[in-house]
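Working notes, beginning with the structure itself.
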Amino acid sequence: MRISALFLLSLLAVHAPRVAAYPEPAAPVKAEPDTCVSVPITPEAAQAAARTNQAAAAQAETYHYYADTPEEMVPYRNLDPYYRYWLERLPFRGPGRDYPDPVDLKSLKVGLLSPAPYGPEGARGERTRKGVLLAFEEENAMRQPGQIPFEVIAKEDAPLWGSAANITVEFKDNDVLGILGTIDGDATHVALRATLKLETYIINTSDPDPTLTETQVPWLTRVFPEDRQQCFRLADMVVRQRGCKRIAVLRESSRPGRVGVMHFVNDIRRLGSPAVAHLLYKAGDRSLAEQIAAIKAANPDAVLFYGQPADVGFAAAQLRQAGITAQYFGFDRLMEGAFVKNAGDAAEGMTITYFFNPERTDKPWVEFLDRFQKRWGEKPDIYAAYGYDGAKLMIEAVNKSGPNRFRIRDYLANLDSWDGVTGHMVFDARWDNIAPFSFAQYQRGKWLFQPAPAITRLDKKRLSQGMTAVPDAPAK
Amino acid sequence: MKIAGIFCLRLASLVTLLWLTAPLQILATEAELPLPVIERFETFGKEQGVPTNKVHAVLKTSDGKLWIGTWDGLCVREGEGKFRRYGPEEGLSHKLVTCMVEDPKTGDLWAGTMRGLNKVSGGKITRYFQTDSGLPNNVVYGVDIVNDNIWAATAAGVGALDLKTGAWKIYDHNNSNMHEPWCYAVKGAKDLIYIGVWGAGIVEHNPQEGTFKAYRDPDGDFHYDLVPDDGPINDITSWLAWNDGLLWQCTYFGMSRYDGKYWKTWVQDKTPLPSNFTQFAWPVNRYCWIGTDKGASVTDGTNWVNYFVGEAGAGWVEIHQSGKAMEKRPMSTALCNGFVLGIWADEKEAWLATSKGLSRGIFASGTASGKVAVVK
Amino acid sequence: MRRTPIIISLLIGLLVLAGLGWGSAAWSRAHERRWSGRLDLELVSCNHCHLKIENLPWAQPSRRHSAPAGLAVSPDNRKVYIALDERNEVVEADGVTLAITRRLEVRGGPFGLAIDAKGERLYATCRDGDRVVAIDLATFREVESLAIGAGPVAATYCDTQEGGRLVIANSVSDNISVVSLSPFKELARPQAGREPYAVAAAPDGSIAFVANRLAVPENYYSMASSELTLVDPSKGKLLLRSPFESAHLAEGIAVAPGRGWALTPLIKVRNLVPITQVANGWVMSSGLAIADAKGSIIQMPLDEAHDYFADPSGIAVDAAGKRAFIVSGGSDTVTVVDLELLARWLAGASDQAKREAIDDLSLSAEYVVARIPTGRNPRHATLSPDGKRLYVSERLEDAVLAVDTAALKPIGRIRLGDGGQTDPIRRGERVFTQAAHTFQRQFSCRSCHPDGHVDGLSYDFDGDGIGDNLLDNRSLQGVAGTSPLKWNGKNPSLQVQCGVRFARVLMRTDPIPGAELDDLAAYLNSLPPPRWARRHRQVLTPAQERGRRIFFATLTPAGEPIPRERQCHVCHRPPLYSNRLMSSVGTRGSLDPSDLFDTPHLLGVAYTAPYLHDGRAKTLEELWTTYQTNDLHGVSSYMNKHQLNDLVEFLKTL
């Protein structure tokens, strides 16, 4: 009898779900196979992608930093540091899981922090909001009699005066169980600092700032793949796959611009091709003569852009007009129409990192497209999709954990992977979704996609023992 | 069965003996330890009028009153040991009090909250918001008073209110070398101001000369600490404290100390620091009390006394003395919770604000807490 | 025939004149519209914008009178010391002969006096100089000077266990300077309420009481209460703040030895009551607040049911704690209160009776034992240490009245000047401070405009008697040249403002006679903006300079043009910082009849809180945060906190 019990216990131990100790949710299940259809850019690109997969597999026995940065782009990679961080997730050791649930709850409140509608991120924020609202509307429609409905407390962030902190406090005053948002890196940082005191979990659905999760605050999960991943993917593409040696960077003079390319600049340097020019421009500026002259003087064979799509489109066209023939590279936002509109012919050949092929045909994605179209009368974009996924994940956490912020935190902070309409997510030791980026290239009026490489899933147990990682199934 | 019974009896006797002689053992160790050692803890909670579990800050003012800043109001301990609460109903700007400081000249208490700064003066609360004063942001994480200026570390820079002229000054990334504007702590050091910046290390400000100097993590990367004792352990400063020439920095990556010339750093596992997640520091003379997510510590940089509390509520102390093996002993009463958010201590007692109650640490008699530790 | 060319010439001349007139008008209109950005403007006078500060009455030299302010008597009862702030003098008079014996020039407007226990040193607080000076009484020379808070108006001396102390009320910086005498230095400067104005210390030096004149602006629809501040004189620590509920203008305070009381004359004000209720006596009355060391306060009436004793200020209590002498500047009276009788009444009264006492004007008969008439506008009072003499400064009489406290009769005056009756400004000040022109002498102009300034309250002036449409009380300091007056811009001059309608709505008596009205206008026009001399042409700090650039900005920092009508300096045009036109800045309340309000001048704006026509904004910052609507009150949406703070710092310099 005793032996049987021990055996059962050992089975439980071996097959413990990836979601850690308290509470114990059901292991996330991948509903449908990913049937994403991607078109390789070129046969060479396809081969390069395969090489990346092989490289990832080769790295499986090495220590993986968050965002799955390749070893050769890791800082101080040849040194044995005194101390390594992020080998495992920082625990939250505070009390609260056993606190009684609030009585007479009329709704399960979730805060939504959105950018101001009049700012540069206003339109993206609006699309995020629609994705979030759709998820909550669907959930409330499915709730059984007697179940408490969800309520979204939506607030707009003002771009000045650190208002995200104040809004986070307002969320707390509204007794929200969790917070969703936002795009702006400043605002999310500020909210995260506040929520550390307020102990309310944030799911970030759209901030690409790589420094956000470096703060070791165990109160945030980011479902939105961030710029550090884009940087090393772009560095690999620019230096290794395209063989560029003279790389110029032209970016917006702003915090997002600074932290956005920060890792790219370091990565290409580590790959042996430091930037030959690094120019800044003010958002909206249309007089780029000095920047163009400097870039031209540097004689680059590649130019990396970071900024709002309309600005980059304008800059790309101006550079071409100035006779610069370098290959163009950029980040995901250039998929938005303003880039192609302003760039004109100069858009041709632009290669960007992108989350996945939005034309893919797997069932969760297609059904989401339909539902969104039906509800809002428009097609969702990536912000709407990650907003929807973030909201679904928050709903799941609340449903599994009950109206207790600490148990909700435990559920979310202990999640290793999750499947949403955007695809399979893998969360690293910094609670970042490290699902690999695809590439897209603009050719003859449309974006062509390259398949994403393999996910290298971190194995916490093995990491702590021998700092190794295991490869996940490659994305299809 | 008989053997088992004898074994149990002996075990019980041993435990009792250990229990009874614990203070003596502490005394024996303490004689050589230039740090105060807590003999036992008293716990204060809802029965004593503490309105909620989470106590963020604790401060004993010069008139002997004990103030606590909690998740649900500002409280003062009154004659009979009960706490009297001041909340928004009494004029407090927000119920979640994050930090406190006493104006040594006037006795006014300044309390930072998650929405506004408060002056508690002669029983009246005056509020300062970003909308009706020069306060940079309503979320106030740290306050200090230096030369008749109240300094507030907020979510959007530090603000200084000149108490004589009523003029505000703000410092952030726009007008100083602060890499980011998100300030978590501010601490006066004679004529200097140290600002703890989330993501930008420590900024040293000289108000007379209007200069700024930044102390950043020399590694420039958050993955590692490449070399110990080379500068701030990390740029994510979660708290700063200064006393007697020593600056103490808390981060979620370990702890640092700066003596004006040299840095000293501590990380968990490689040093006696119990956890990298350090939240609060309170120096007394040249030693420092530290609040972490895993208990409280007191250290002079060489010797450490760490207080832990287990899941079942049992407490123990670990004493790390230079050149000696670590001693671990049970305590008769435990710290009320290991998630320590605030500390006030002098040479006679220590008060610890935790996520689940308030504890008072009563020192072993004959402690040498007044000794000044030698800093190497 | 000859007439034809003349007629033609005349016609041509008329046409030319008409053309010139039309052209001038068109040009003027275009000029106004161009510079104001206001397309709704018709012709307005050039002096809306084009005037010079130097030409304003308050910028002209005016006569300085020997108006007595603070008083002190030597410990041996033989000498009386008098501060003459307008003349920058402190004088010594003989207590027996009432003749002036010595004079000393003390710059900075000496206003409050305190004398040490041995009578060796006299201390004078200089209201305009922001300092306290020590005067050696043997040589009658200034021996030490110490910079303290702004606008020090009163001081008290006390012995503590840690040495002699001065506690000083700084009326402008709203704080209290606690000064040690040896060495002569400031120990602490705790914050007080608004306009701390009087100080008294317990005989044992354990505690000092500070009476604050105004209420700190909070919610403009809440009851206004000024503050009693208690400090520890030995270390300067602040002990307690206690509100004078629904009361203000506390300008005097005295400790009653042996009773543990601090007595403060004040005005019981009910500004939220419609002003029409003056007829029922519901708006203002005079009271005496009795406070103990724990901050408990009981307010007792000083008025009688049908006769009021407005603007009580100075108070003196004898050493035995038996009698209090309270001067009423609005009624030229000293009210004598028998404290024994008062204590007896209190001992027999229920808590409710004590709470409601202030509303029962018949109660004063229980303890007011005498009313002693004085000269014009008594303001300060002090007793000789032996209690035999009461000295009262008759401010507009240029004299100090000596009263025999046994007989309760005046025995003579210390003559300091001629009373200034030939000076229309002085006569106007008399009209301003006199309660004779209000129903039952309930209040004077000064009751709402202390020193011609603000009382920080909003009143309901609507004739509807409903009480839901408040108007912020505006300062009269710097009022010259700023007409039209009132928030609705209806009154073209001070004579109209204070004329017939004013008498009907507010004073509830006959209008002020024309000659007195002219004097009153002369006085008001002579009032410079608060602390103008100190600020005028002051070098700006970097923050103030940055703020000045924001104030005069025509572009945002991003280079976007700011519409002219929303540039700060267009409506608030220098030198008055007002174009004296009506403007809409998005502040219309639900009960306001119009979007348009008079554009207030900004000279001394930092001293005139609260703001906006109904006083809803308690600080300058709130104008552009809480109460800004769609950038209508200047374009501020681009501002970060640095810029707003800089703008406020600049406004403080005006």
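Observations
- Test: residue in the stretch A:112-128 that is within 16 Å of the chain's Cα centre (by Cα) and within 16 Å of A:Ile395 (Cβ to Cβ): yes
- Looking at B:Val298, B:Val309, B:Val305, just one residue is within 11 Å of the chain's Cα centre (by Cα), crowded, with 21+ Cβ neighbours inside 10 Å and under 21 Å from B:Ala353 (Cα atoms), and that residue is B:Val298.
- Qualifying residue in the stretch B:86-93 (condition: at positive phi, out of contact with any strand residue (DSSP E or B) (no Cβ under 7 Å at 6 or more places or on another chain) and surrounded by fewer than 24 Cβ atoms within 10 Å (Cβ to Cβ)): no
- Boolean, C:Ala533 is over 30 Å from C:Asp130 (Cα atoms), out of contact with any strand residue (DSSP E or B) (no Cβ under 6 Å at 6 or more places or on another chain) and touching a residue at least 12 places away in the same chain (Cβ under 8 Å): no
- Residue within the stretch A:330-347 that is among the small types (Gly, Ala, Ser) and not in a helix (DSSP H, G or I) present: yes
- The number of residues in the stretch B:130-144 that are outside any loop (DSSP other than H, G, I, E, B) and within 11 Å of chain A (Cβ to nearest Cβ) comes to 2.
- Screening the stretch A:120-144 for residues that are within 23 Å of A:His189 (Cβ to Cβ) and out of contact with any helix residue (DSSP H, G or I) (no Cβ under 8 Å at 6 or more places or on another chain) and picking the one that is surrounded by the most Cβ atoms within 10 Å (Cβ to Cβ) gives A:Glu121.
- Options C:Leu520, C:Leu602: the member that is away from chain B (no Cβ under 14 Å), under 19 Å from the mean Cα position of the chain (by Cα) and touching a residue at least 60 places away in the same chain (Cβ under 8 Å): C:Leu520
- Every condition in (1) without any contact (Cβ under 8 Å) to a residue 40 or more places away in the chain; (2) in contact with a Leu (Cβ under 7 Å, 6 or more places away or on another chain); (3) assigned to a loop (DSSP other than H, G, I, E, B) is met by C:Asp40 except one, and the failing one is (2).
- If you check B:Asp172, B:Asp259, B:Asp219, B:Asp235 for being touching a residue at least 12 places away in the same chain (Cβ under 8 Å) and more than 20 Å from the chain's Cα centre (by Cα), only one passes: B:Asp172.
- Of all residues making up the stretch A:81-98, the number that are more than 7 Å from chain B (Cβ to nearest Cβ) and more than 13 Å from B:His223 (Cβ to Cβ): 7
- Near pairs, Cβ below 9 angstrom, 6+ apart or cross-chain, from the stretch B:270-282 (under 11 Å from B:Gly295 (Cα atoms) and within 9 Å of chain A (Cβ to nearest Cβ)) to any residue that is of a type in the set (D, E, K, R) and assigned to a loop (DSSP other than H, G, I, E, B): B:Ser275/A:Arg93; B:Ser275/B:Asp293; B:Ser275/B:Lys294; B:Phe277/A:Arg93; B:Phe277/B:Asp293; B:Phe277/B:Lys294
- Scanning the stretch C:320-361 for residues that are hydroxyl-bearing (Ser, Thr, Tyr) and within 30 Å of the chain's Cα centre (by Cα) yields C:Ser328, C:Ser331, C:Thr333, C:Thr335.
- Residue match in the stretch A:99-109 (condition: facing chain B (nearest Cβ under 10 Å) and more than 27 Å from C:Thr625 (Cβ to Cβ)): yes
- Candidates C:Ala169, C:Ala192, C:Ala208: the one that is away from chain B (no Cβ under 13 Å) and not charged (D, E, K, R) is C:Ala169.
- The stretch B:335-358, residues that are among the small types (Gly, Ala, Ser), within 14 Å of chain A (Cβ to nearest Cβ) and in contact (Cβ under 8 Å) with a residue 60 or more places away in the chain: B:Gly342, B:Ala353, B:Ser355, B:Gly357
- Those strands (runs of 3 or more DSSP E) lying entirely in the stretch C:402-481 with at least 1 residues outside the structural domain of C:Ala215 (by TED's automatic domain parsing) and more than 30 Å from C:Leu576 (Cβ to Cβ): C:409-415
- C:Ala606 vs. criteria assigned to a helix (DSSP H, G or I) and small (Gly, Ala, Ser): yes
- Pairs, first free of Cβ contacts under 8 Å to residues at least 40 places away in the same chain in the stretch C:182-211, second assigned to a loop (DSSP other than H, G, I, E, B) and of a type outside the set (Gly, Ala, Ser), C-beta under 6 Å, six or more apart: C:Ala192/C:Asp174
- Looking only at the stretch C:629-641, and only at residues there that are within 10 Å of another protein chain (Cβ to nearest Cβ) and either under 27 Å from the mean Cα position of the chain (by Cα) or buried (at least 21 other Cβ atoms within 10 Å of the Cβ) (or both), the one that is nearest to B:His173 (Cα to Cα): C:Lys641
- Residue check for C:Leu122: within 26 Å of B:Lys164 (Cα to Cα) and without any contact (Cβ under 8 Å) to a residue 60 or more places away in the chain: yes
- The stretch A:145-169: number of residues that are free of Cβ contacts under 8 Å to residues at least 40 places away in the same chain and under 20 Å from A:Ala191 (Cβ atoms): 7
- First in the stretch B:198-210 and touching a residue at least 60 places away in the same chain (Cβ under 8 Å), second anywhere and in a loop (DSSP other than H, G, I, E, B) and exposed (fewer than 12 other Cβ atoms within 10 Å of the Cβ), Cβ under 6 Å, 6 or more apart: none
- Of all residues in the stretch B:317-334 being among the hydrophobic types (A, V, I, L, M, F, W, C) and touching a residue at least 60 places away in the same chain (Cβ under 8 Å), the one that is surrounded by the fewest Cβ atoms within 10 Å (Cβ to Cβ): B:Met331
- Qualifying strands (runs of 3 or more DSSP E) (wholly inside the stretch B:221-260; at least 3 residues being of a type outside the set (Phe, Trp, Tyr), under 21 Å from B:Glu180 (Cα atoms) and facing chain A (nearest Cβ under 8 Å)): none
- Qualifying residue in the stretch A:155-178 (condition: closer than 27 Å to A:Phe368 by Cα, within 13 Å of chain B (Cβ to nearest Cβ) and at pLDDT 90 or above): no
- Only strands (runs of 3 or more DSSP E) whose full extent lies in the stretch A:349-430 are considered here, and the ones with at least 1 residues that are within 16 Å of the chain's Cα centre (by Cα), at pLDDT 95 or above and within 30 Å of A:Thr325 (Cα to Cα) are A:351-354.
- Yes/no for B:Val76 being touching a residue at least 24 places away in the same chain (Cβ under 8 Å), of a type in the set (A, V, I, L, M, F, W, C) and on the phi < 0 side of the Ramachandran plot: no
The values are calculated or read from the model by the stated rules, or taken from the named source; none is laboratory data. Small disclaimer: the values here were computed from a predicted structure and weren't measured. With ideal geometry, Cβ positions are generated from the backbone for all residues, glycine too; neighbour counts draw on all protein chains shown.
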